[in-house]
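Asker: Structure below; questions to follow.
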Amino acid sequence: MSSPLTTASPSVPAKTSGPGRNTPRLRKPGKPSAGKPRRSVLLTVLTSLIVIYTVVPLIWLAINATKTQTGLADSSGMWFADDFALWDNIRDTFTYDDGVFTRWLLNTLMYVVLGAGGATFLAVLGGYALAKFDFPGKRGIFATVIGAVAVPGTALAVPTFLMFSKMGLTDTPWAVIIPSLVSPFGLYLMWVFATEAIPTELLEAARIDGAGEARIFFTVALPLLAPGIVTVLLFTTVATWNNYFLPLIMLKDSDWYPLTLGLSVWNSQAETIGGDVIFNLVITGSLLTILPLIAAFLLLQKYWQSGLAAGSVKE
Amino acid sequence: MRRKTSRLLRGIALLSTLALGATACGGSDDDSAGKAVSASDIQAALKKGGTVTVWSWEPTLKTVAADFQKKYPKVKINLVSERSGDKHYTALSNAISAEKGVPDVAQVEYFAVSQYALTKGLSDLAPFGADKLASKYTPGPWNAVSEDKAVYGLPMDSGPMAMFYNKKVFDKYKIAVPTTWDEYVDAARALHKADPKVYIANDAGDAGFTTSMLWQAGSRPYQVDGTNVKIDFADAGAKKYTDTWQKLIDEKLVSPINGWTDDWYKGLGDGTIATLTSGAWMPANFATGVPNAAGDWRAAPMPAWTKGEKASAENGGSSLTLPSLGKNKELAYAFVEYANSGDGVQTRVKQGAFPATTAELQSSEFQSTKFEYFGGQEANKIFADSAANVADDWSYLPFQQYANSIFNDTVGKAYVSGTKLSDGLKSWQDASVKYGEEQGFTVEK
């Protein structure tokens, strides 16, 4: 936990131990405190339900990725079939159709690195500028950004398509990368975070010492923004990795497909005359597709948490 | 999924042999129109080389494209794997109206050829010599792609109908395999009584299946003469079909599973769907989609309406066409010709496609092919026989794609509520008439 949270400690017990519990806690020191919240049956049940709701599809995916096409039809969805074909499935997923899955994986990585990476970079630059510099039109920009957060990307996909079509950019990777570069929510988050995390006095001190603005940004501000950057990076990565609708309308050539589109093409083979039915590879492919995201979350978890909490408590 | 199914299971459009009217006169919509393109022009283009963009979802074209490129190293076939159905036609129509990104070759199902030809979206292939290929194809598919002297595409495959049945299930309950639709209803009752989990078929309302059934029953609901259209679902053939099928629906003897879903593949595999009446292209899907039931299934002729009668219908199938706005016409035609009339046909048949060419259908090699999946049965004999018994005076609407898209809102009601199937067809008719009039067709009710 970062320092802003500890300064806000008076509010913590009230939040976790429920209202009206402060006085008894003083009289009986052995009772649950802020560190050891009381058990609540209702909360436990609700949380368990949500855990089941969230985890069951994942378990289903993991179990069914071990089955052959025959096994899928013959066995119950929530338990293993007699044949354990996970390794074969993984190998087939990567070799099917001349290894097109690898191509889609690399495409997705490229969209994430350029799209989500670029979106994060722009959000950090913009958020820092909006938080720490005064210039005319700031209120207008604020209103625009807040407005843009409310508009789902899906709603903009068709107008974007028409615009890109005029520029002759459809059916190229740019059609996916360029719209991904814009993340109003990321910008807003960085703005709030930069306001909190960078003391203006620090910047003034650096200026007095004679540092240029670029140097201040890269050597003073950037390290302080690290947790926020990771949070925005995770947000944009998840959004780009899972993007389906934008590539769907922008891309025609399957050589540029991301994994999401590629898997849906594999799935639709089952609806085609003479099509090769490969539900087992669709399932294994889906499992492989979510693994990098799970890894990213687990590895960056602590930044993610502190990044989210920042700005929510202070003031 | 249901919509896609309708697209897929749609029968071959045996267009009316009458002229489609002045608007559809072929030949004026293309750069090379009017002047014949000689074989040597095509050869020269092949030597010069270039790229041909092909939009298609036909899986066997991959090998064909590779072979073609090997034969003509200067030509590059850019095969864009399409998803079948609505998405494909939306993309194609959008590209044509935007005049941008139109493919050089596009797969178009038989039912939709007239729609694109009528709006001048497709090049006439007769100047390339396609008109001389007429005798190579079975009449059904050829009628669907040709119009007077104009030819709008070369048939890729066909789908004469047959009944696939799970022999293991029929043997287990000692029920005879039906040869007429009356026997079919009896078998449906017997099967469902023997095991309530078993249904004779799945049917949750499917435009392609229903129109193919009407076709076989002798109903001709659509009459098309240019922009004059007549829609009538009240003839004797339609009554034969609705009377029989109403029994299956009323007694809940058909399983309410949509085709082409994973549930469907599962049902075909575990014996809960006992028969499937569809096009002759189905074996390829059986082999990869239902591998666990290999050996259980057999093919049989489609049940008849009266004992001994031999009437069949078509279900599904598509052609390769040259959109008018595409480029590299000579190369594009050379590829289409190679794939659907030349060496490509053999390649595709070997991979499980069902041909539209008479030579392949009648070859002894084709007819004596033993299907391991069907326990060594020579099923192509049944399919070829069915192809020969297809009545060739059926037509689809020049806006069949729309009509099929509203099937579930009209006829579909008969499957989920108390609406009679015949009333459902009537409301489908009314809605189609209304749309046709809005589109400027003269519709006679």
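The values are calculated or read from the model by the stated rules, or taken from the named source; none is laboratory data. Fair warning: this is a prediction, and the values are worked out from it, not measured in the lab. FYI the Cβ positions are ideal-geometry reconstructions off the backbone, even for glycines, and counts take in every protein chain you see.
Asker: Restrict the check to the stretch B:69-80 and report whether at least one residue is farther than 30 Å from B:N285 by Cα and hydroxyl-bearing (S, T, Y).
Answerer: Yes, the stretch B:69-80 contains a residue that is farther than 30 Å from B:N285 by Cα and hydroxyl-bearing (S, T, Y).
Asker: Here is a follow-up. Considering only residues that are in contact (Cβ under 8 Å) with a residue 12 or more places away in the chain and more than 23 Å from B:P139 (Cβ to Cβ), look in the stretch B:339-357 and name the one that is farthest from the other protein chains (Cβ to nearest Cβ).
Answerer: It comes out as B:D343.
Asker: Continuing with this model, one more query. What do you reckon, is B:D409 free of Cβ contacts under 8 Å to residues at least 12 places away in the same chain, touching a helix residue (DSSP H, G or I) at 6+ places or on another chain (Cβ under 9 Å) and of a type in the set (D, E)?
Answerer: When the stated conditions are applied, B:D409 does not pass them.
Asker: For the stretch A:256-263, indicate whether the set of residues that are away from every other protein chain (no Cβ under 14 Å), aromatic (F, W, Y) and assigned to a helix (DSSP H, G or I) is non-empty.
Answerer: no
Asker: Pick out the one residue from B:F407, B:F354, B:F374 that is closer than 30 Å to B:Q223 by Cβ, outside the structural domain of B:G101 (by TED's automatic domain parsing) and among the aromatic types (F, W, Y).
Answerer: B:F407
Asker: Can you spot a residue in the stretch B:321-342 that is of a type outside the set (D, E) and within 30 Å of B:S219 (Cβ to Cβ)?
Answerer: Yes, the stretch B:321-342 contains a residue that is of a type outside the set (D, E) and within 30 Å of B:S219 (Cβ to Cβ).
Asker: Select, from B:I96, B:I77, the only residue that is away from chain A (no Cβ under 12 Å), more than 19 Å from the chain's Cα centre (by Cα) and part of a helix (DSSP H, G or I).
Answerer: Numbers: B:I77 fails: part of a helix (DSSP H, G or I).
After applying the criteria, what remains is B:I96.
Asker: Here is a follow-up. Among (1) out of contact with any strand residue (DSSP E or B) (no Cβ under 6 Å at 6 or more places or on another chain); (2) hydrophobic (A, V, I, L, M, F, W, C); (3) at pLDDT 90 or above; (4) within 28 Å of B:V224 (Cβ to Cβ), where does B:A388 come up short?
Answerer: (3)
Asker: Confirm whether B:Y184 is under 20 Å from B:S212 (Cβ atoms), assigned to a strand (DSSP E or B) and assigned by TED's automatic domain parsing to the domain that holds B:S278.
Answerer: The answer is no for B:Y184.
Asker: Test each condition in (1) under 30 Å from B:V336 (Cα atoms); (2) not assigned by TED's automatic domain parsing to the domain that holds B:L325; (3) not aliphatic (A, V, I, L, M) for B:S135 and report the one that comes out false.
Answerer: Going through the list (1) under 30 Å from B:V336 (Cα atoms); (2) not assigned by TED's automatic domain parsing to the domain that holds B:L325; (3) not aliphatic (A, V, I, L, M), B:S135 breaks only (2).
Asker: Please determine whether any residue of the stretch B:132-140 is within 30 Å of B:T272 (Cβ to Cβ) and among the aromatic types (F, W, Y).
Answerer: No, every residue in the stretch B:132-140 fails to be within 30 Å of B:T272 (Cβ to Cβ) and among the aromatic types (F, W, Y).
Asker: Tell me the residue from B:L92, B:L79 that is crowded, with 18+ Cβ neighbours inside 10 Å and out of contact with any helix residue (DSSP H, G or I) (no Cβ under 6 Å at 6 or more places or on another chain), please.
Answerer: B:L92
Asker: Mind checking whether some residue in the stretch A:233-240 is under 24 Å from B:L79 (Cα atoms) and part of a helix (DSSP H, G or I)?
Answerer: no
Asker: Would you confirm, using the coordinates I've provided, whether B:T60 is under 22 Å from B:P141 (Cα atoms) and either of a type in the set (A, V, I, L, M, F, W, C) or within 11 Å of chain A (Cβ to nearest Cβ) (or both)?
Answerer: yes
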